[in-house]
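Structure first, then comments.
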Amino acid sequence: MTDIPAPLLIACPHCHRKNRVPTDRLTAGGKCGSCKNPLFVAAPMVLQAASFDAHVSADLPLLVDFWAPWCGPCRQFAPVFAQAAAAFEPQLRLAKVDTEAEPVLAQRFAIRSIPTLIFFRHGREQARLSGALPPLQFRQWVAQQLAVPG
């Protein structure tokens, strides 16, 4: 008897509806069954309070950058974060939350300094890091979080 891996529930970065994607087809990309847009865009998505829970509760790990437009380190770190989205998809979804525009999310996750990165797996916070990292250290930190069993 062959073990068939269960499909993953993946939230669309455009309409935020959940899609079932077979694990062996993750690298093939795929389109949302609802809005027909690509499920993976190789860039961080912007999350608001209304769409946050759909993504944090999905089966893919989620790394969120809590930032603000006036924050110099946040702006410097943005290209590093964007490059990581292209490097780590489809095994990880990356998202950004503007703490100025989404104070409810900033309060919900007790964001005290920015940038703050929170790694979520199965709806729970797995790791948190405050401050911007150089590209190599950031990728190492992400890879370390992915290696931790969920």
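A short reminder: the numbers here are calculations on the coordinates, not readings from a lab. In this text the structure is predicted, and so the values were computed from the model without any measurement. As a convention, Cβ positions derive from the backbone with ideal geometry for all residues, glycine included, and neighbour counts pool all protein chains shown.
Structure values in brief
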| read-out | value |
| --- | --- |
| Dipole magnitude of region 40-147 about its Cα centre (Cβ charges: Lys, Arg +1; Asp, Glu -1), debye to nearest 20 | 240 debye |
| Sites Ala28 and Trp70, calculated FRET efficiency, Cβ-Cβ separation with R0 41 Å, nearest 0.05 | 0.55 |
| Stretch gain in nm, segment Leu136-Gln83, where the contour uses 0.36 nm per residue and the Cα spacing is subtracted | 17.9 nm |
| Axial C-alpha extent at least 15 Å, average Kyte-Doolittle at least 0.5 - helices from the chain (DSSP) | 72-88 |
| Most fluctuating residue given options Ala68, Ala106, Ala28, as computed from a GNM of the chain linking Cα atoms under 10 Å | Ala28 |
| Spin-label model distance (nm) - Cys35 vs Val104, 7 Å beyond Cα toward Cβ | 1.9 nm |
| Structure-based [θ]222 nm, the chain - -39500 (n - 2.57) summed over DSSP H runs of at least 4, per residue, nearest 500 | -9000 deg cm²/dmol |
| Label-point separation, His122 to Val46 (7 Å along Cα→Cβ), nm | 3.3 nm |
